[in-house]
């Protein structure tokens, strides 16, 4: 258990929170909430010992391990992805290093007493291996990396070959394999696609330690957390229940406080009026003094400070054609890497569609092609002459001149607006007073996102193409943008992994996988049900299903089982064969280790070399077989998935 006592911290002369007291129990799952700048990240950094508080104390048990994923992380380099992740498993690496040290010492023919000590320690290390599931570590690393979207081919690539979003995933994989007692995540979902997000949720749901999470993703925190820690008005408070329950409680509390404040102000006004009216009347002096004392005892009712909210509405859309945009047999590649193949898509007037799929599946590339930002290799793209596109880039700096100030940025977009009009628009996005003269390079990620959205108000459009528009927005700003898109009269295409954001907006999903895109007629919940939640597909208990449909479903299920069996029979046999080989190799490695511990073998140099050679060969062979096993399992899963999709389409 972590105990926080009388914790206070200031930033730039401003108190973030004062005299905070709370505790984190071994299995607590806590969402940290508060306005931007309230101190959420600062609190994580203090617990991680990366920052010192103004005063107070944090009591952390001895040998209590904490894993922390910050928003800003350093770039990894010098190792392969797999070796970098493996380096974070401290006990595993300590055992490997110590085993190697013992072997070298035994090769030097130490005296009998020292030899016995080393052999005894070697046996203790074997016991430690059992405690930490030593021989399962590499398999677990592979599962985590694949869950986060890495292919087996990526395992051996150097970490510096990967971009920022993938670097974050490597950091996350290191944290997840390390088996910490507390995991702290600061905005972990920004660089995850919907597949990796769902995998991470499943992983964290089975995690046995404590969680502290800062995230603007309502779906994520509602799935993972069961308590909410709020930082507001320089205070820290903890509420039981998921984030949605916290919001309901806060709304009820705010209504009650506002009513109390109104009553208090009414009483205050009555006292002040009485004092003012009878201040100079001697006959009322006693009553006046009594009311002055009552007034002095009045306590202010403090209403939680409100974050500024953007006021945002897209301009009315000009008339649009029935088909604003479409593509036929679209093909796109980068050098030898094929990204999109034979993609066909037609957008209907007024449709609002979510573009979903794994990172690297081609969603952003497709969005840029439709927006005219990027060329394609072959195929056809049709843009209706009436179509006017407004495009929001995932990398907001793509469309911003970092050397311009905010006002010039707006003027560069449209010179027809007056300075007061531009000031008004910027003000609606929380840029006030001298903010408009700030250089774009000085803005935070969230501020750059708001500026880019403000620019979109300067031109009328009837097709919005938005690539991850919520990545740097807080929950309040996301809610306002969400409502603006709902109210927008034109067509919309959104690349996003934010489930709560998409839920009330999109009516269809364009699903990207295997270099193609398939249109799914249904919203985000239908998409999640269809592709992720197999349990809800079981209709056996649904009494409303027609008997004929039940029979048809059973026949289809039997046919699917038969097809799966036939299609995977050979590959299953290969997997079983490899599993047997893995078992044999693991036994050979154990035998090698026992032979290396046998004192009788130490005096025979050639025998020692032979044992070590056998050990090395068996280890290499084991790694190769495990990799084959993972590849075959992945291939089998793909076969099964293709069969299931064929029957579900």
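What are the residue pairs meeting all of these: first residue in the stretch 28-51, first residue touching a residue at least 60 places away in the same chain (Cβ under 8 Å), second residue in a loop (DSSP other than H, G, I, E, B) and crowded, with 23+ Cβ neighbours inside 10 Å, Cβ atoms under 8 Å, and 6 or more apart or on different chains?
Pairs that qualify, where the first residue is touching a residue at least 60 places away in the same chain (Cβ under 8 Å) and the partner is in a loop (DSSP other than H, G, I, E, B) and crowded, with 23+ Cβ neighbours inside 10 Å, are 29/225; 30/225; 31/225.
Out of (1) surrounded by 15 or more Cβ atoms within 10 Å (Cβ to Cβ); (2) in contact (Cβ under 8 Å) with a residue 40 or more places away in the chain, the odd one out for residue 61 is which?
Result: residue 61 fails condition (1) only.
Identify, by number, the condition in (1) surrounded by 15 or more Cβ atoms within 10 Å (Cβ to Cβ); (2) in a helix (DSSP H, G or I); (3) modelled with pLDDT of 75 or more that residue 287 doesn't meet.
The number of the failed condition is (1).
List the pairs whose first member sits in the stretch 315-329 and is on the phi > 0 side of the Ramachandran plot, whose second member is in a strand (DSSP E or B) and surrounded by 14 or more Cβ atoms within 10 Å (Cβ to Cβ), and whose Cβ atoms are under 6 Å apart, counting only residues at least 6 apart or on separate chains?
329/379
Note down all Cβ pairs under 6 Å where the first residue falls in the stretch 550-575 and is under 16 Å from residue 637 (Cα atoms), the second is at pLDDT below 60, and they're at least six residues apart or on different chains.
Hits for this filter: 560/647.
Find all pairs meeting these conditions: Cβ atoms under 7 angstrom apart; at least six residues apart or on different chains; first residue within the stretch 283-296 and within 10 Å of residue 272 (Cα to Cα); second residue outside any helix (DSSP H, G or I).
Within 7 Å, the pairs are 288/279.
Scan the strands (runs of 3 or more DSSP E) fully inside the stretch 1-54 and keep the ones with 1 or more residues being more than 24 Å from residue 222 (Cβ to Cβ) and in contact with a strand residue (DSSP E or B) (Cβ under 8 Å, 6 or more places away or on another chain).
Ranges flagged: 2-11, 14-24.
Within the stretch 399-421, can you find the residues that are in contact (Cβ under 8 Å) with a residue 24 or more places away in the chain and assigned to a helix (DSSP H, G or I)?
Selection gives 399, 406, 407, 409, 410, 413.
Suppose we keep only residues that are in a strand (DSSP E or B) and either assigned by TED's automatic domain parsing to the domain that holds residue 193 or crowded, with 16+ Cβ neighbours inside 10 Å (or both) within the stretch 351-382. Which one would you say is modelled with the lowest pLDDT?
The selected residue is 357.
Just checking, which of 173, 153 is outside the structural domain of residue 360 (by TED's automatic domain parsing) and at pLDDT 90 or above?
After ruling out the rest, the residue left standing is 173.
If I filter the stretch 256-263 for residues that are farther than 21 Å from residue 233 by Cα and under 60 Å from the mean Cα position of the chain (by Cα), do I get at least one hit?
Checked against the condition, which is being farther than 21 Å from residue 233 by Cα and under 60 Å from the mean Cα position of the chain (by Cα), the stretch 256-263 yields at least one hit.
For residue 552, are the conditions met, namely being at pLDDT 90 or above and either more than 35 Å from the chain's Cα centre (by Cα) or under 15 Å from residue 363 (Cβ atoms) (or both)?
No; evaluated as a whole, the condition is false for this residue.
Confirm whether residue 461 is over 29 Å from residue 222 (Cα atoms), in contact (Cβ under 8 Å) with a residue 24 or more places away in the chain and in contact with a strand residue (DSSP E or B) (Cβ under 9 Å, 6 or more places away or on another chain).
Spelling it out, residue 461 is indeed over 29 Å from residue 222 (Cα atoms), in contact (Cβ under 8 Å) with a residue 24 or more places away in the chain and in contact with a strand residue (DSSP E or B) (Cβ under 9 Å, 6 or more places away or on another chain).
Output the residues belonging to the stretch 577-589 that are in contact (Cβ under 8 Å) with a residue 40 or more places away in the chain and closer than 22 Å to residue 96 by Cβ.
Start the filter on the stretch 577-589 by keeping residues that are in contact (Cβ under 8 Å) with a residue 40 or more places away in the chain, which leaves 578-579, 581-582, 585-586.
582, 585, 586, listed by residue number.
Conditions tested, residue by residue: (1) surrounded by 15 or more Cβ atoms within 10 Å (Cβ to Cβ); (2) under 30 Å from residue 27 (Cβ atoms); (3) within 28 Å of the chain's Cα centre (by Cα).
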| site | (1), (2), (3) |
| --- | --- |
| 91 | yes, yes, yes |
| 99 | yes, no, no |
| 120 | no, no, no |
| 126 | yes, no, no |
| 129 | yes, yes, no |
| 149 | yes, yes, yes |
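The values are calculated or read from the model by the stated rules, or taken from the named source; none is laboratory data. Only a predicted model underlies this, so the values are computations on that prediction, with no experimental measurement involved. For neighbour counting, all protein chains shown are included, and Cβ atoms are generated from backbone atoms with ideal geometry for every residue, glycine included.
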